Amino acid sequence: MVDVFTEIIINRPILQVSEYAANPDHAPEWYVNIHSAEWKTPKPLTIGSQIAFKAKFLGSELAYVYEIVEYEPGKKLVMQTANGPFPMETIYTWQAINEHQTCMKLTNKGNPTGFNKLFYPVMASMMRKANIKDLKKIKDILEK
């Protein structure tokens with residue numbers, strides 16, 4: 001099982017950080033590997049919403065659909081793949097440090113299957129590096 005946890009402090013209020021991060025339309029702006037996000041269900045974001053993402057990871061083009069399985073605005077967002085290369089869960093949590101700073105946590109969990117199982121050690125390391133880049137990018141965007 002891949003279980004990657006990363007976090008960062010963003011110098012912005014929790015509502016600004018969580019609203020931006022939870023909006024799938026912004027994903028291609030701050031996720032280094034995501035190229036597009038397309039709503040498969042009507043907006044706004046709610047439990048059951050589905051979003052199709054296209055990404056590039058470890059040299060491969062990936063297409064997958066995430067379904068929102070838990071959403072507490074300003075606190076937590078949990079997405080699971082409805083289809084794709086292997087079952088994956090992504091969790092965002094936000095915690096106010098004070099009225100001007102937010103700790104954003106990003107967790108990815110998944111069970112690689114088939115050919116992907118062979119690359120588990122590399123996959124976890126590459127996911128951690130990508131997540132760190134993604135969190136640095138969202139921090140840069142929001143702090144400008």
Worksheet item: If you scan segment 107-127, which residues turn out to be under 18 Å from Thr81 (Cα atoms) and either at pLDDT 85 or above or touching a Ser or Thr at 6+ places or on another chain (Cβ under 9 Å) (or both)?
Response: Thr107, Asn108, Lys109, Gly110, Met127
Fill in: Out of Glu67, Glu89, Glu61, sole residue that is more than 15 Å from Ser18 (Cα to Cα) and in contact with a Lys or Arg (Cβ under 6 Å, 6 or more places away or on another chain)
Glu89
Discussion item. Six or more apart or on different chains, Cβ atoms under 9 Å: show the pairs whose first residue is in segment 15-31 and of a type in the set (S, T, N, Q) and whose second is in a loop (DSSP other than H, G, I, E, B).
Written reply: Ser18/Pro73; Ser18/Gly74; Ser18/Lys75; Asn23/Leu45
Discussion item. If I ask for residues that are crowded, with 20+ Cβ neighbours inside 10 Å and either more than 11 Å from the chain's Cα centre (by Cα) or on the phi > 0 side of the Ramachandran plot (or both), which ones from segment 9-32 would you list?
Written reply: Ile10, Ile14, Val17, Ser18
Item to complete: Of the conditions (1) surrounded by fewer than 17 Cβ atoms within 10 Å (Cβ to Cβ); (2) over 24 Å from Lys139 (Cβ atoms); (3) modelled with pLDDT under 95, Pro85 clears all except one; give me its number.
Response: (1)
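The values are calculated or read from the model by the stated rules, or taken from the named source; none is laboratory data. Please read these numbers as outputs of a predicted model, since none were measured by experiment. Note: ideal-geometry Cβ built from the backbone for every residue, glycine included; neighbour counts use all protein chains shown.
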